[in-house]
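This report concerns only the one structure given below.
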Amino acid sequence: MSFYKSVKINETTELFLWKITEDYNDLYRKVSLKDVSLARLDGMKSETHQNAFLSVRMLLQHCGYTDFDLFYDEFGKPHLQDGKHISISHALGFSAIILSNENVGIDLEQAKEKVLKIASRFMDVSHLENLTEEDQIHKATVIWGIKEAIFKLKNEKGISFPKHIFEAPFELKDKKCTAQLHFNNSVEDFDIAFDLVEDYVFVCAMKKK
Ligand SMILES: CC(C)(COP(=O)(O)OP(=O)(O)OC[C@H]1O[C@@H](n2cnc3c(N)ncnc32)[C@H](O)[C@@H]1OP(=O)(O)O)[C@@H](O)C(=O)NCCC(=O)NCCS
């Protein structure tokens, strides 16, 4: 399927999705990789992970960048040489990048029943009351994604999902909400945009203006 779609989040922020249906050789042939990326690719244990990694490079190329424009800091956060902000996420069947003029975080998760088993460990489960089981799964997955996306945006050691990141009540149909990070004696507000794509959830987090 290749390039799946883009979603404009605001004037300077756009999300790009890739549906991973190609095999390894198909993807490998189409990307140019730095030596350090070739070594990383070589060290990956599963072809699923390799394909996700390569599909992210396909998305970069779709957006006019290549692997040579991308570098990682000591914590693993990706950056672009031209100063544009980027965040990356990949799941089994999809990958996503988001590009923005501001710091941004993205998470992509497949909605799975097992999220309900661990929900109490990372979120306020009262936010799942009075929903069908399907909606509970989607909402808990969105909330997990909110926390991952804020974690990626901040890129600071010591942030705990249950102790420091709090989602405000929201409804799935709104496709947006807000969340707060209570960390290091300060409170930061975030705008969240989310949606469902097939059985995957994507979540974008940006600092509230
Ligand atoms: C690093 C982390 C955010 C990655 O998330 P994930 O859901 O496992 O995987 P995703 O596919 O969504 O994201 C992976 C991408 O995140 C990016 N990433 C990795 N570390 C990052 C960091 N410190 N900051 C921002 N982005 C980061 C990378 O681009 C990576 O992909 P790539 O290396 O192939 O380019 C995650 O493993 C993590 O550490 N989460 C916090 C753990 C936690 O507190 N859990 C709470 C349990 S209650």
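What follows is calculated from the coordinates using simple rules that are stated; it is not laboratory data. Note that the structure is predicted; figures quoted are calculated from it, not measured. Note: ideal-geometry Cβ built from the backbone for every residue, glycine included; neighbour counts use all protein chains shown.
If R0 is 45 Å, the Cβ-Cβ spacing of Thr12 and Glu198 corresponds to a FRET efficiency of close to 0.95.
What number, in percent, do you get for the relative contact order of the chain if the mean sequence gap of Cα pairs under 8 Å and at least 6 apart is divided by its residue count? All intermediate terms of the calculation are to be shown ahead of the outcome.
Details: 386 pairs, mean separation 34.4, N = 209.
Relative contact order of the chain: 16 percent.
In this simple spin-label approximation, Leu172 and Lys157 carry label points 7 Å from Cα along the Cα→Cβ vector, and these lie 3.9 nm apart. On full extension, the segment bounded by Lys84 and Gln61 gains 6.8 nm, given 0.36 nm per residue less the C-alpha separation.
All alpha carbon pair distances within the range 91-149 were sorted into 10 Å bins beginning at 0; the resulting P(r) in whole percents reads 22, 48, 24, 7. Pairs of Cα atoms nearer than 8 Å and 6+ residues apart set the relative contact order; for the range 1-124 it is 24 percent. A Förster radius of 25 Å, combined with the Cβ-Cβ distance separating Tyr24 from Ile118, puts the computed FRET efficiency at roughly 0.20.
Label-to-label distance for Lys208 and Asn185 is 2.3 nm, based on points extended 7 Å past Cα in the beta-carbon direction. Using only the C-alpha atoms, the convex hull of the range 39-114 corresponds to 121 Å³ per residue.
Pairs of alpha-carbon atoms within less than 8 angstrom and 6+ residues apart define the contacts here; what relative contact order does the range 108-207 have, in percent? Kindly include the intermediate steps, with their values, before the conclusion.
Numbers: 147 pairs, mean separation 29.5, N = 100.
Relative contact order comes out at 29 percent.
What is the angle, in °, between the Cα long axis of helix 133-154 and the longest principal axis of the Cα atoms in the chain? Nearest 10 is fine, range 0 to 90. So the inclination is approximately 60 degrees.
Once both axes come from the Cα atoms, what is the angle between helix 47-62 and the longest principal axis of the chain, in degrees from 0 to 90, rounded to 10? Roughly 80 degrees, rounded to the nearest 10.
Using the average count of surrounding beta-carbon atoms within 10 Å as a protection proxy, the listed peptides 155-165, 44-54 rank, highest first, as 44-54, 155-165. The Cβ shell under 11 Å around Ile88 holds other residues with a net charge of +2, Lys and Arg each +1, Asp and Glu each -1. Taking N as the residue count of the chain, its C-alpha radius of gyration divided by 2.2 N^0.38 Å amounts to 1.02. If you take the alpha carbon atoms of the range 108-207 and fit the smallest convex hull around them, that volume is 91 Å³ per residue.
With Cβ to Cβ distances under 12 Å as the rule, what net charge do the other residues near Lys173 carry (K, R +1; D, E -1)? Please report the intermediate quantities before stating the final value.
Details: positive: Lys139, Lys175, Lys176; negative: Asp135, Glu171, Asp174, Asp195.
Around Lys173, the charge tally is -1.
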